[in-house]
Every structure is written in structure tokens, then in C-alpha cells.
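Right, one structure below, let's go through it.
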Amino acid sequence: MHALFLSLLKKTSKDNLAKAERIRKHNLGRKKQRARYIRDIGVIKTVVNRELNFLFTRKTNPVKAIVVEDLSARMKAHFCKKWNRWLSGWMRGYRIRYKAKKHGIEVNEVNPAHSSRECPRCHCTDKKNRQGDVFKCSYCGYHEHADLVAALNILGRLGDKEIRKGMSPSREKAVRSARRLEIIERYRYRQDFR
């Protein structure tokens, strides 16, 4: 609408100038953008609610518990008050908690640090393991979709006594590295006796 407004200003006919003035006065560009935004938010909410209802009410393989990342960290980006509240609520998964509570399903939170960089087989944690949506372990060669690997790691952290929710990423990485060294030593020990 802004581009149309500028092009109408360049044309000096009476009708074009009147149309440009109406666009400026009623701010039609923002009104259309706002209407599109509200429609998109409605579609997102509908899809999320439909999928959560399907997940929680299915008869075969019913869900008993959900394991999610601890999403209590504050956002780094700051927008207007309304956007911050909206994004913050969705980030922290309040819809999942609300729907789970409604259906009597337990929600467990775990530490998410390095979950998409860690190999679920050998526990090698490296930035090079993930390139976009592809995960390929630089140590053992395991490859899979990066989101699936992160989900496997988050599920594997359920019930972990050493890696707690709220632990710093550097401390979590130190615990993971110690475990990885232990796995490597066990593997070498088995290879020596073959």
C-alpha cells in the first residue's frame, strides 16, 4: 500500500491525489497487514489445538507423559509488550501444559542444552555435528534429521540425576564429556579383548 501511495503521489491527476490522501488518512496498508496478521494467528492456533487434541485423545498408543525442554529462559529479543507476552507464552508451551492438564497427562521438563548437537549413540557433542536440518556425528557417523536427534536426546534426559533443569550449558557439557570418555574407554576395553 505504501508503494501504491508513492506512485499515486507522482501522478498529479485529481483522482490519484484523492486516492493517495485516502490511503494516508485511513492507513489502509496497516489495516490490511493487521487483518492478515490476525487471520494467520487464528490459523496457527487452530492447527496447534487440533493437533494437541488429536495427540491427547487418540485411542491407540495413548500418551501418558510428555517430555519437553525447559522453556523458562527469558527471550533475548524485545518487541512491544503485547508481542512479548504472546511470544513468551507460546515459547513456554502454555498450550501444551493446559491441554495436558485437561486430559490428565504429566508434563516433564528437562535441560535442553546441546540437545541438537549431541549424538544419541556416542554422546559426542560438537557444533560440526549439525548443519541445518541434517545431523551427522563427526565421531561415529550416525546421521538423522536434526530435530529427531534433539527429540531423542531430550527423551533420554528424562530421569537423569546428573543433568538437572536449570543447569548451566557449560556444566551440562562437562558432564556429557565425562560420560562420553567413559563410553570410549569401555569400547576400547572390549576391542582389546577381542
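A few points about this structure:
- Residue match in the stretch 161-180 (condition: in a helix (DSSP H, G or I), of a type in the set (Lys, Arg), modelled with pLDDT of 80 or more and over 18 Å from the mean Cα position of the chain (by Cα)): yes
- Breaking point among (1) modelled with pLDDT of 85 or more; (2) surrounded by 12 or more Cβ atoms within 10 Å (Cβ to Cβ); (3) not charged (D, E, K, R), for residue 131: (2)
- Residue that is surrounded by the fewest Cβ atoms within 10 Å (Cβ to Cβ) [pool: residues in the stretch 160-188 that are under 15 Å from residue 118 (Cβ atoms) and of a type in the set (Gly, Ala, Ser)]: 170
- Matching residues in the stretch 101-117 - criterion: being closer than 24 Å to residue 183 by Cβ and either in contact with a Lys or Arg (Cβ under 7 Å, 6 or more places away or on another chain) or of a type in the set (Gly, Ala, Ser) (or both): 110, 111, 113, 114, 115, 116, 117
- For the stretch 19-60, the candidate set comprises residues that are in a loop (DSSP other than H, G, I, E, B) and at pLDDT 85 or above; within that set, the residue that is surrounded by the most Cβ atoms within 10 Å (Cβ to Cβ) is 58.
- Of residues in the stretch 139-149 being under 23 Å from residue 184 (Cβ atoms) and surrounded by 14 or more Cβ atoms within 10 Å (Cβ to Cβ), the one nearest to the chain's Cα centre (by Cα): 149
- Cβ-Cβ under 6 Å pairs, at least 6 apart or on other chains, the stretch 19-47 side more than 16 Å from residue 2 (Cα to Cα), far side aromatic (Phe, Trp, Tyr) and surrounded by 10 or more Cβ atoms within 10 Å (Cβ to Cβ): none
- Residue under evaluation residue 120, criteria (1) over 18 Å from residue 67 (Cβ atoms); (2) of a type outside the set (Lys, Arg); (3) buried (at least 16 other Cβ atoms within 10 Å of the Cβ); (4) out of contact with any Lys or Arg (no Cβ under 9 Å at 6 or more places or on another chain), criterion not met: (1)
The values are calculated or read from the model by the stated rules, or taken from the named source; none is laboratory data. Note that the structure is predicted; figures quoted are calculated from it, not measured. Methodologically, a virtual Cβ is constructed for each residue, glycine included, from the backbone with ideal geometry; neighbour enumeration extends over all protein chains shown.
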